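Asks: Just passing along the structure, written as structure tokens.
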There are 2 protein chains.
Amino acid sequence: MKKLSTTVSALLVATSTLAADAVPDIRSRALEVFKPLPSTTPAVAHNPITPAKIALGKALFFDPRVSASGVFSCNSCHNLATGGDDNLETSIGHGWQKGPRNAPTALNAVFNVAQFWDGRAEDLKAQAKGPVQAGVEMANTPENVVATLKSMPDYGEWFKAAFPDDADPVTFDNFAKAIEAFEATLITPAPFDAWLNGDEEALTPDEKQGLALFMDKGCSSCHTGINVGGQGYFPFGVVEKPGADVLPQNDRGRFSITNTADDSYVFRAAPLRNVALTAPYFHSGKVWDLKQAVAIMGTAQLGQELSEGEVTLIVAFLDSLTGRMPEVNVPVLPPETDATPRPNGKIVKK
Amino acid sequence: MKKLSTTVSALLVATSTLAADAVPDIRSRALEVFKPLPSTTPAVAHNPITPAKIALGKALFFDPRVSASGVFSCNSCHNLATGGDDNLETSIGHGWQKGPRNAPTALNAVFNVAQFWDGRAEDLKAQAKGPVQAGVEMANTPENVVATLKSMPDYGEWFKAAFPDDADPVTFDNFAKAIEAFEATLITPAPFDAWLNGDEEALTPDEKQGLALFMDKGCSSCHTGINVGGQGYFPFGVVEKPGADVLPQNDRGRFSITNTADDSYVFRAAPLRNVALTAPYFHSGKVWDLKQAVAIMGTAQLGQELSEGEVTLIVAFLDSLTGRMPEVNVPVLPPETDATPRPNGKIVKK
């Protein structure tokens, strides 16, 4: 499709007409590339999900006492009220330090092939152990987390109920497993799912045109699968590296995990469900406007300057990935006891 | 009652027997001093409460974008998962600055005669404007809050629904009124209420003994009314000033509001509902152990060294003030737009 020097609305009409002829069976094409969300909580490896484990995981997800300072919970940076992330360039953590990368959403994260922008955690239970120990995030230690949780009798009971076969259930491993179980419930069915499942009316004509463009232009080569991304690793700047503001030179992405030259500036393709809720964008969090993010992807990854009309349609499709949040009641957490380690907001330089 | 050099359990039996004879009509005495919580949301002055206003207020209460940094919401320091406060000595706010006083619980706060430790806000709508603008808390301005809220069309609709008669409903005043409406729903009926309402079994014998002591010793002279406190102002250290660790010399309490010598080190008597959930204690937040706090109150306010058994019984009564949290679903907040002011975590020295 050529860039047209016309108004956007005229372009929309033109594109709509064009694609109605050109893309007769867009759903079967889409089903080869994407997959609708399941209607129930998915299974995860080596961690049977039970209601007791979900309830415990929810309590832990909302408990700021798992951070050294007592200020941050998982929900601080993966805020379920704001799309499962924190809407910051990069998160602010312990001691007002800024994290190195934009916080990804916890919503539907269970469907990613691996966790973190560089995929260094193979699943959510591995991921859950990271921020707790990161000096710029929660700055805590596994020992202190376990001491904190063991100090509150209710947690002892909840861990026992969640891990009934364990002699000593309150462990850092089980802490992480419970959080994974809760996060596996954070699934947000979207209009796109309804449409993939056969409801023709679930997407507007513009959204369908956007989807067609998303596939035709090549976006879906990387942003694929159930999470419309999150399935593989790709260099940021396949065709043309974006400027250092968007792609800071000192963060070489997956290279720091694999030490392989080919992995320099390689990142996990961002999962795009709820992307309209999770500005700012990219691992650097430098781009606030979704249209601008799409345009940058066009030049950097596809070598194409997308027209304003094309960007608008693709964003319309991306909006159809905004899903319905599960209802989450604020948990009632147990009170501290004399044995609970006291919050410590001091910044320890390593 | 003299301090007995005996085991606590023996003391409990002794006290129990004593009081069963000595305090035949403890409930009528209690009803002269305390009042049970109402079963419905109370009315507040100059702010009719409607479901639309409550829903808006809940969204605002959970929205970190009302802080300059985008990090803190009302719920950060008045965390509904942990007794309506943050379990910190004093809160950590913008730029990792520490606030001057311990964060009081938002639960049942609608029943306090005035808000803040020094009562400087006459009600919750006045209170809600404080932390947003405090440099060490949210460090925001009314103008920036309004600009933030106006930038998100959903908020525009929600304010319109909550304030249907206002031509320009998105204002800082209405922001505060909506938060007050939501907070008025944060009522936690406790066993003590059931007992006041006639359910004899709602309190254990120990709890009733503790209540009798609470009244006999004079605690209820200040900690009175529906919130078992929060009704009046009293010097901290009526009889004997506690040490500077607990009562820091540089915080003269209500004196800073009234500039009256008599108000030096005067504070609002702490409301004691859910006190078992809201350690650490006092405006300084220096005492973590509720028993220790009760003992300090004995010497400082009553000039009495309470025995360990008496303290234990009083704490048993205080535990009966722990109430049932209302169910609060995490709200789904609207996404930012191009017009939303960006988060600004910079620390501006004034």
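Asks: Just to be sure, is B:Ala279 at pLDDT 95 or above, touching a strand residue (DSSP E or B) at 6+ places or on another chain (Cβ under 6 Å) and not in a strand (DSSP E or B)?
Replies: Criteria not met by B:Ala279.
Asks: Keeping to the stretch A:233-260, report how many residues are among the acidic types (Asp, Glu), surrounded by fewer than 17 Cβ atoms within 10 Å (Cβ to Cβ) and under 23 Å from the mean Cα position of the chain (by Cα).
Replies: The qualifying residues number 1.
Asks: Among the residues of the stretch A:332-350, what is the count of those that are within 14 Å of another protein chain (Cβ to nearest Cβ) and either basic (Lys, Arg) or in a helix (DSSP H, G or I) (or both)?
Replies: 2
Asks: Among the residues of the stretch B:282-298, write down those that are over 11 Å from B:Val246 (Cβ atoms) and part of a helix (DSSP H, G or I).
Replies: Step one: list which residues in the stretch B:282-298 are over 11 Å from B:Val246 (Cβ atoms), which gives B:288-291, B:294-295, B:298.
Matches in the stretch B:282-298: B:Leu290, B:Lys291, B:Val294, B:Ala295, B:Gly298.
Okay, residues lined up against (1) in a loop (DSSP other than H, G, I, E, B); (2) in contact with a strand residue (DSSP E or B) (Cβ under 7 Å, 6 or more places away or on another chain); (3) small (Gly, Ala, Ser):
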{"residue": "A:Val246", "(1), (2), (3)": "yes, yes, no"}
{"residue": "A:Gln249", "(1), (2), (3)": "yes, no, no"}
{"residue": "A:Leu272", "(1), (2), (3)": "yes, no, no"}
{"residue": "A:Gln301", "(1), (2), (3)": "no, no, no"}
{"residue": "A:Leu306", "(1), (2), (3)": "yes, no, no"}
{"residue": "A:Gly309", "(1), (2), (3)": "no, no, yes"}
{"residue": "A:Thr312", "(1), (2), (3)": "no, no, no"}
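Asks: Among the candidates B:Ala300, B:Ala295, B:Ala276, single out the residue that is farther than 26 Å from B:Ile92 by Cβ and in contact (Cβ under 8 Å) with a residue 40 or more places away in the chain.
Replies: B:Ala300
Asks: Moving to a separate point now. Within the stretch B:204-230, count every residue that is assigned to a loop (DSSP other than H, G, I, E, B) and either within 20 Å of B:Asn108 (Cβ to Cβ) or free of Cβ contacts under 8 Å to residues at least 60 places away in the same chain (or both).
Replies: Number satisfying all stated conditions: 8.
Asks: What number of residues in the stretch B:312-331 are within 22 Å of the chain's Cα centre (by Cα) and either within 14 Å of chain A (Cβ to nearest Cβ) or over 19 Å from B:Leu277 (Cα atoms) (or both)?
Replies: Counting residues in the stretch B:312-331 that are within 22 Å of the chain's Cα centre (by Cα) and either within 14 Å of chain A (Cβ to nearest Cβ) or over 19 Å from B:Leu277 (Cα atoms) (or both) gives 13.
Asks: Which of the residues spanning the stretch B:251-270 are within 21 Å of B:Glu89 (Cα to Cα) and in a loop (DSSP other than H, G, I, E, B)?
Replies: Within the stretch B:251-270, B:Asp251, B:Arg252, B:Arg254, B:Tyr265, B:Ala269, B:Ala270 qualify.
Asks: Does B:Lys346 satisfy the condition of being surrounded by fewer than 22 Cβ atoms within 10 Å (Cβ to Cβ) and closer than 30 Å to B:Phe159 by Cβ?
Replies: Working: surrounded by fewer than 22 Cβ atoms within 10 Å (Cβ to Cβ): yes; closer than 30 Å to B:Phe159 by Cβ: yes.
So B:Lys346 fits the description; yes.
Asks: While we're looking at this one, here's another question. So, A:Asp263, is that one crowded, with 18+ Cβ neighbours inside 10 Å, free of Cβ contacts under 8 Å to residues at least 40 places away in the same chain and either among the basic types (Lys, Arg) or not assigned by the TED database to the domain that holds A:Asp86 (or both) or not? Step through it out loud before you land on a result.
Replies: Numbers: crowded, with 18+ Cβ neighbours inside 10 Å: yes; free of Cβ contacts under 8 Å to residues at least 40 places away in the same chain: yes; either among the basic types (Lys, Arg) or not assigned by the TED database to the domain that holds A:Asp86 (or both): yes.
When the stated conditions are applied, A:Asp263 passes them.
Asks: Can you pull out every residue in the stretch A:156-185 that is part of a helix (DSSP H, G or I), over 28 Å from the mean Cα position of the chain (by Cα) and not small (Gly, Ala, Ser)?
Replies: Those that are part of a helix (DSSP H, G or I), over 28 Å from the mean Cα position of the chain (by Cα) and not small (Gly, Ala, Ser): A:Glu157, A:Lys160.
Asks: For the stretch B:268-278, does any single residue satisfy the condition of being of a type in the set (D, E, K, R) and crowded, with 22+ Cβ neighbours inside 10 Å? Spell out how you get there, then give the answer.
Replies: As a first pass, look at the stretch B:268-278 and keep what is of a type in the set (D, E, K, R): B:268, B:273.
Now restrict to residues that are crowded, with 22+ Cβ neighbours inside 10 Å: B:268, B:273.
Scanning the stretch B:268-278 turns up at least one residue that is of a type in the set (D, E, K, R) and crowded, with 22+ Cβ neighbours inside 10 Å.
Asks: Let me ask you something else. Applying the selection to the stretch A:130-173, what residues are of a type in the set (S, T, N, Q) and closer than 14 Å to A:Arg342 by Cα?
Replies: Matches in the stretch A:130-173: A:Asn140, A:Thr141, A:Asn144, A:Thr148, A:Ser151.
Asks: Scan the stretch A:111-126 for residues that are touching a residue at least 40 places away in the same chain (Cβ under 8 Å) and either crowded, with 23+ Cβ neighbours inside 10 Å or assigned to a loop (DSSP other than H, G, I, E, B) (or both) and jot them down. Steps first, please.
Replies: So in the stretch A:111-126, the residues touching a residue at least 40 places away in the same chain (Cβ under 8 Å) come out as A:111-114, A:116-120, A:123-126.
A:Asn112, A:Val113, A:Ala114, A:Phe116, A:Trp117, A:Asp118, A:Gly119, A:Arg120, A:Asp123, A:Leu124, A:Lys125, listed by residue number.
The values are calculated or read from the model by the stated rules, or taken from the named source; none is laboratory data. Treat the numbers as computed from the prediction; the structure is a model and nothing was measured. All Cβ positions, glycine included, derive from the backbone under ideal geometry; neighbour counts span all protein chains shown.
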